[in-house]
Every structure is written in C-alpha cells, then in structure tokens.
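K.L.:
I'd like to ask some things about the structure below.
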Amino acid sequence: MTSPSPSRQLVVIFVALLIVTTVGHRSLPSGITCGSQFSSPNTPLTIPNSGISWANYGIYTCEDPINWLEAEAVAGQDLKFTITVPVIDRFASVRMSAVFIGPGLPALLPEENTGVSNDILQYAADNVMGGVVFKSPQVQTNCDHLHSQEMIDATTVKDGRCDFYEPFGGSNMWVVMDDVITVSESGTYKVAVYEEHGFTAKASFACCDWPEDFLTPYSVPESTCPACGTNSSNPVWSSLYFEHKSMAQFSGFPPIQNCSMSTDIIKYPSKDMCPLLDGNDNNNVQLEKCKLGCNSLGECHSHNVFGGCTHFLDWNVAPKFGDAPVNHVIIFKGDKIKFTAPTGMPHNLFQLPNEISLDQCDFSESSSVAQVGEIFAGYEIAFDVAGIFYFSCTITGHCNAGQRLTVEVKDALDGLKCHRHEEQEKNSDKSVLCQNGQVNARAIDSMAYGSSNANECAEFCTSPTALSFMSGVEAGSCSDIFFKYNPLTYTLKPPNSPADVEVVVFSIKDEFTFCHCHSYEEIACPEEENMNDALYDEHIQEITKFCTGIMMAAKEIAHTIVSNQWKFCTCIILSALIARWTQCIKKLRTQTNAMLELLPHW
C-alpha cells in the first residue's frame with residue numbers, strides 16, 4: 001500500500017478523547033447555512049432530537065446576521081450547547097452570543113442592558129416569552145469559560161486560545177462559548193445566534209446533549225446557502241468551511257466586515273472562487289476486466305493479476321462493492337480501492353496493525369488514513385506492495401456494527417500459480433434464503449447449474465412450477481444431504497432459462513478444495529482481428545489441448561474459459577466462470593476472465 005503522507009499518518013494515542021469518547025456532532029444540515037434560510041424566528045432550523053448532539057455550521061453576514069434554531073425540550077432537561085469559530089486569522093476577534101427564548105424563562109431586559117437586538121426582543125414580547133442571554137467572554141486566552149466536562153476534557157490551550165481539535169475532519173476550532181440551560185417547562189425553545197459586536201463571522205452551534213447518533217434517520221433540510229460549494233453537492237463542504245485542504249484555494253468568504261461601519265453588500269463567490277462540482281460523475285464505471293468476484297461469505301477477489309484496477313467501495317457500516325457485501329477483498333499489486341460514503345453518513349478511515357485489533361475494534365495502535373471530508377470526496381489508496389491490510393472507522397459504534405475491511409494484496413505470480421482462498425474451505429450449514437412463493441432447489445453433478453461433478457451441489461431459488469420443468473433438479477437444500485463446504489456464489493443462465501440465476505455451489509468434503517489461477521486478457525472478435533491481435537486462435541488451441549471433453553454441450557451456454565499463457569494451471573470449465581463467446585459479435589469485444597479451476601481428481 002502506498003504510505004499516506006506524514007500529515008495523514010497520525011498515530012492515534014490510546015486516550016479516550018480520540019478513540020472511544022471522541023466529541024462528535026451530527027451535521028445539521030449536511031452543509032453550511034447562510035443567507036435568509038434560517039434568518040427569521042418564523043423559519044428556524046429545527047433540531048430533530050434534543051437528546052443527541054447536533055452541529056450547525058453557519059456564515060453570518062451583515063444582511064443576515066442572526067441564525068435561528070428551535071428545539072423541543074421537557075421540563076428539567078439540560079440543553080447543553082457549544083459555539084466554536086474556525087481557526088482562521090480574520091475571525092480571531094469574533095465573539096458569539098446566543099439567546100434562548102421559551103416558556104418559563106425570565107423576561108428579557110431592554111436592549112441597552114443586554115445588547116440583544118430589537119428583532120429578538122420583539123419576537124419574545126410578541127409571543128409573551130422570556131429568555132436567557134449567553135455571551136462569549138471577551139478574554140479567550142484560556143478554557144476557564146467552559147462548563148461541560150466533555151469539552152473541558154477535549155480542549156487544550158493552544159497559541160493563547162481555547163482550542164478544540166475535531167479528529168473526524170482534522171479541524172481546529174476556537175471554543176468561544178460552552179454552557180448549559182435547564183428548562184423549567186416543557187415546550188418549544190427558540191435559539192438566536194449572532195456575532196455580538198456586529199461583525200461578519202463563521203461559527204458552529206452545537207446542541208443539545210452529548211450522546212452521538214449518526215445512524216437514526218431524521219428529516220433534515222438541505223442547505224440553500226447562496227454561496228457556491230456550501231451544500232451537500234460538495235462532498236468536502238466541511239473543508240470549505242474551515243478553508244483548508246482541497247478547499248483552501250476558495251477561502252475568504254465572508255470577509256471580515258463591521259456591519260455598523262459599512263453599508264457595502266458582500267457579494268457571494270463566483271467563477272474562479274467556486275469549487276468545480278461535477279454532478280454527473282461517471283468515473284465510477286467499472287471496466288469489465290476489473291469486476292470482482294464475490295461469494296456469500298463476504299469475500300471478493302480480483303481476476304486480474306496485472307493490477308491497474310480501481311475498485312469502488314461503499315465505505316459504510318456494511319461495506320459493499322456494488323451490491324456485494326464485503327469484509328475481505330483479495331486484489332493484486334497496482335490495484336486501487338476508492339473509499340466513498342454515498343449515503344451521506346460520516347465515516348473516517350483508520351488502518352489497524354493486525355487481525356486481532358480489527359476483530360476487537362482496538363484502535364490503540366491504529367493510524368489515521370482519511371478523515372470524514374476526504375471520504376465524502378472519495379479517498380483512493382494505491383496498493384503497490386503485497387501484504388495484508390486492516391481498515392475500520394473510529395466513529396462510535398461503526399466498527400462493532402461491522403464496518404471492517406481486510407485487504408489482501410498479492411503479487412502477480414501468486415495469482416498465476418494454482419491456489420485456493422481460505423474462505424472457500426468454510427463449513428456452511430445454511431440454506432439459500434428464498435423469497436415468499438419460491439422454494440430451494442438443488443442439482444448435483446450438473447454443469448448447467450454450476451456443479452461440475454458428483455462432489456458438488458448447486459443450490460438456488462425457483463418457483464414450484466418452474467422446478468417441475470427442470471431436468472436433474474430436485475427440491476431441497478444442499479446442506480440437507482451433507483453438501484456444506486466451500487460455498488461459492490455464481491450467476492449463470494441455465495438451458496432454456498429466460499433469465500440469469502444466482503446459485504451457491506457447495507462441495508461434500510472439506511478436503512475437496514478448488515485450485516485456480518487468475519489472468520485477464522482482451523480478445524478481439526474474429527471479424528475484428530488483425531495481424532497484431534491473434535489471441536483468439538491461440539486460446540482456442542489451448543482449450544482444445546487442455547480442456548478436451550469438458551466443454552458444455554448446451555448451445556445456449558456454449559461458453560469458454562481460456563488457459564493463460566503461463567501454463568501455471570490446467571483448466572476445467574465451470575459454467576459460473578466462463579467468458580460468453582456468444583456475445584462476441586461485431587463491435588463487442590469479448591473479455592476473457594480466465595478463472596481456471598483445477599480439481600484434485602483431474
């Protein structure tokens with residue numbers, strides 16, 4: 001694996017701050033807010049659940065200086081909140097205020113005594129509600145103004161400011177306020193957040209309790225901030241907010257402005273100051289030669305010993321390549337894996353030292369590979385050395401829920417030699433799960449269904465009616481008759497079948513193992529060949545020499561697997577792993593995936 005740069009290779013020290021009880025908030029919404037969207041008490045940003053932690057990242061301008069939020073709370077509930085400002089020099093003097101308005105709170109004092117704007121006071125008076133004003137201390141050279149133990153434990157004094165480092169995004173923030181309000185009555189509480197000296201600002205408002213929940217679905221609005229790159233269409237909007245990493249070149253908005261001294265309207269970024277976002281990204285289209293083979297046990301493997309493929313991984317709590325769940329992938333030197341988070345849920349990427357650490361979700365000796373923003377953007381790792389690598393996510397609960405991946409990188413020669421995968425030797429007493437109205441069917445020693453000899457049983461789902469027309473197929477599961485080893489999942493098209501069928505092939509003996517090798521070559525169709533492209537005849541000769549008597553008779557599935565030119569393996573044709581020469585028509589190049597199977601008794 002290509003080693004991450006030193007800045008990304010952060011060794012995680014075994015402390016609760018970074019590993020177990022990391023202070024993390026769910027974004028509300030997924031993006032930066034600004035403009036008029038939440039600038040009125042009549043259109044506040046609703047906090048969906050005041051029992052967990054949320055964070056709003058906002059831009060405050062002279063035209064829209066107040067950000068309004070609301071939350072439901074019950075009598076006696078503590079609403080804990082924190083306001084931070086990104087560590088950006090022009091915002092060093094920013095001091096934020098927050099006003100809580102709701103039932104049971106004391107009456108707000110006139111503006112001259114509290115500094116609260118008339119708009120906020122008028123809303124409280126019109127609704128016959130009191131309020132409590134919280135202001136940032138002017139002196140911010142220490143962390144004495146923090147009230148919650150969680151923030152006290154998570155912050156340090158750095159460069160003369162109270163600093164909080166957020167490891168998921170690799171971001172530093174000045175903590176300008178951290179407090180709590182206990183409500184005496186149940187009801188809806190409005191919160192008005194603003195820069196107390198009348199300056200433009202960036203600030204995040206985190207509320208309302210410390211438990212984290214990144215999984216429960218909630219209805220959350222999209223940001224409509226007019227500033228380009230601020231909504232979820234920019235997967236690294238967080239980096240734009242903090243003006244670092246890939247978004248550093250788009251920094252500067254909003255410029256610092258004293259709203260009481262200037263009447264100039266700040267223009268939103270445009271043209272060169274906007275990140276280039278491609279909403280029609282087709283770069284994830286997988287080449288035929290790079291498609292992985294995956295089984296029902298969560299193991300996927302490459303068929304291309306030459307490497308050079310990029311495999312696109314949905315890096316979620318249940319990782320997937322396409323629709324195939326995966327926990328172990330076998331690839332070759334020169335391959336890449338691109339980690340993405342298509343669901344929009346935050347995930348980071350840590351490398352663990354060994355299998356035991358991965359199984360136990362022990363991050364004490366792990367190292368940071370990619371942070372949340374980088375995963376949202378799509379983080380690519382090039383694996384250029386052979387070895388086994390272990391990955392997981394440190395966000396609370398994700399590893400234990402199954403977000404783990406073992407990447408086994410092989411040398412090309414290993415793939416060309418006859419070998420087997422450990423996952424193939426596992427014992428499985430499970431039957432194939434069928435939908436309502438379908439039954440389990442099995443076929444022994446039937447090439448048409450992927451079982452190539454009497455030691456193999458292919459199991460699949462079908463309707464009772466269709467089963468009655470299938471030759472050599474009977475109702476039942478393979479495990480019922482003791483075929484329960486080496487389960488392998490294939491997709492094939494049996495004779496006279498109108499559609500492809502997914503089958504799981506089991507063997508009857510655990511010592512019966514598949515030996516195979518991997519190679520991949522692109523062969524021109526005969527009508528497209530030229531003098532420099534004569535692999536077709538060469539491979540037909542190889543098939544004739546090494547695979548005599550094994551070709552399937554059924555015309556509809558007259559398939560071929562070719563022996564690779566290194567002759568490391570002889571071959572046997574399995575219907576689940578064959579290149580479809582029937583698709584080799586004009587302007588369609590056949591991709592031969594030489595997954596060569598060698599059985600011990602051949």
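K.L.:
Lys and Arg at +1, Asp and Glu at -1: add these up for the other residues within a Cβ distance under 12 Å of I152 and post the number.
P.N.:
With Lys, Arg at +1 and Asp, Glu at -1, the neighbours total -4.
K.L.:
Quick check: net charge around T182, other residues with Cβ under 12 Å of its Cβ, Lys/Arg +1 and Asp/Glu -1? Before the final figure, lay out each step's value.
P.N.:
Values: positive: K80; negative: D78, D179, E185.
With Lys, Arg at +1 and Asp, Glu at -1, the net is -2.
K.L.:
What full-extension length gain, to one decimal in nm, is calculated for S262 and S93 as 0.36 nm per residue of separation minus the Cα-Cα distance? Intermediate values should be presented prior to the final figure.
P.N.:
Working: separation 169, 0.36 × 169 = 60.84 nm, distance 1.75 nm.
Additional length available on full extension: 59.1 nm.
K.L.:
Taking a spot 7 Å from the Cα of D126 along the direction of its beta carbon, which residues of the range 175-214 have an amide N less than 17 Å from it?
P.N.:
189-193
K.L.:
A further question follows. Could you check the simple spin-label distance between T465 and H147, using points 7 Å along Cα→Cβ, in nm with one decimal?
P.N.:
For the pair T465/H147, the computed spacing is 6.9 nm.
K.L.:
Can you give the local net charge around F483? Use residues other than it whose beta-carbon is closer than 9 angstrom to its beta-carbon, Lys and Arg +1, Asp and Glu -1. Walk me through the numbers before you get to the answer.
P.N.:
Details: positive: R442, K484; negative: E456, E459, D480.
Summing Lys/Arg as +1 and Asp/Glu as -1 gives -1.
K.L.:
Which FRET efficiency value, to the nearest 0.05, is calculated for E502 and A248 with the Förster distance at 60 angstrom and r the Cβ-Cβ distance? Kindly include the intermediate steps, with their values, before the conclusion.
P.N.:
Working: r = 48 Å, r/R0 = 0.79.
Step by step, r from the Cβ atoms, then E = 0.80.
K.L.:
5 Å is the cut-off here: which amide hydrogens, built 1.01 Å from N in the peptide plane, fall below it relative to T33, excluding neighbours closer than 5 in sequence?
P.N.:
Here the answer is Y57, G58, I59, since their amide H atoms fall under 5 Å of that of T33.
K.L.:
Quick one: if you stick a label point 7 Å off each Cα along the C-beta vector at T46 and D480, how many nm between them?
P.N.:
Going from the T46 label point to the D480 one covers 5.2 nm.
K.L.:
With θ set to phi - 60° and the Karplus curve 6.51 cos²θ - 1.76 cosθ + 1.60, what are the ³J(HN,Hα) couplings of the range 352-363 in order, to the nearest whole Hz, using x for Gly and Pro?
P.N.:
9, x, 7, 5, 4, 4, 5, 4, 8, 6, 9, 9
K.L.:
About the Cα centre of the range 106-176, how large is the charge dipole given +1 on each Lys and Arg Cβ and -1 on each Asp and Glu Cβ? Please answer in debye to the nearest 20. Walk me through the numbers on the way to the answer.
P.N.:
Working: 3 positive and 10 negative charges, 24 e Å.
Result for the range 106-176 is approximately 120 debye, rounded to the nearest 20.
K.L.:
Something else about it: Apply the Karplus parameterisation 6.51 cos²θ - 1.76 cosθ + 1.60, with θ equal to phi minus 60°, to every residue of the range 487-502 and state each ³J(HN,Hα) to the nearest whole Hz, in sequence, with x for glycine and proline.
P.N.:
x, 10, 9, 9, 10, 8, 10, x, x, 6, 7, x, 8, 5, 10, 8
K.L.:
What is the gain in length, in nm to one decimal, between T491 and T182 on full extension, counting 0.36 nm per residue of separation less the C-alpha to C-alpha distance? Can you show the working numbers first?
P.N.:
Numbers: separation 309, 0.36 × 309 = 111.24 nm, distance 6.00 nm.
Length gained between T491 and T182: 105.2 nm.
K.L.:
Keeping all protein chains in the complex and leaving out DNA, RNA and ligands, what accessible area do you get for W315 with a 1.4 Å probe, in Å² to the nearest 10?
P.N.:
Surface open to solvent at W315 totals about 0 Å².
K.L.:
Shifting gears a bit: Could you give me the ³J(HN,Hα) list for the range 237-246, computed from phi with Karplus coefficients 6.51, -1.76, 1.60 and θ = phi - 60°, whole Hz, x at Gly and Pro?
P.N.:
For the range 237-246, the Karplus-derived couplings read 4, 4, 5, 5, 4, 8, 6, 9, 6, 5 Hz, x marking Gly and Pro.
K.L.:
At R0 = 35 Å, how high is the FRET efficiency between D272 and A382 if r is their beta carbon distance? Nearest 0.05 is fine.
P.N.:
Numbers: r = 30 Å, r/R0 = 0.87.
The value I calculate is 0.70.
K.L.:
Amide H neighbours of Q140 under 5 Å, at least 5 residues apart or on other chains, H built in the peptide plane: list them.
P.N.:
For Q140, whose amide H was placed from the backbone, there are no distant partners under 5 Å.
The values are calculated or read from the model by the stated rules, or taken from the named source; none is laboratory data. Quick caveat: nothing in here was measured; it's all calculated off a predicted structure. All Cβ positions, glycine included, derive from the backbone under ideal geometry; neighbour counts span all protein chains shown. SASA here: full protein model, heavy atoms, side chains in, ligands and nucleic acids out. Shrake-Rupley method; radii C 1.70, N 1.55, O 1.52, S 1.80 Å.
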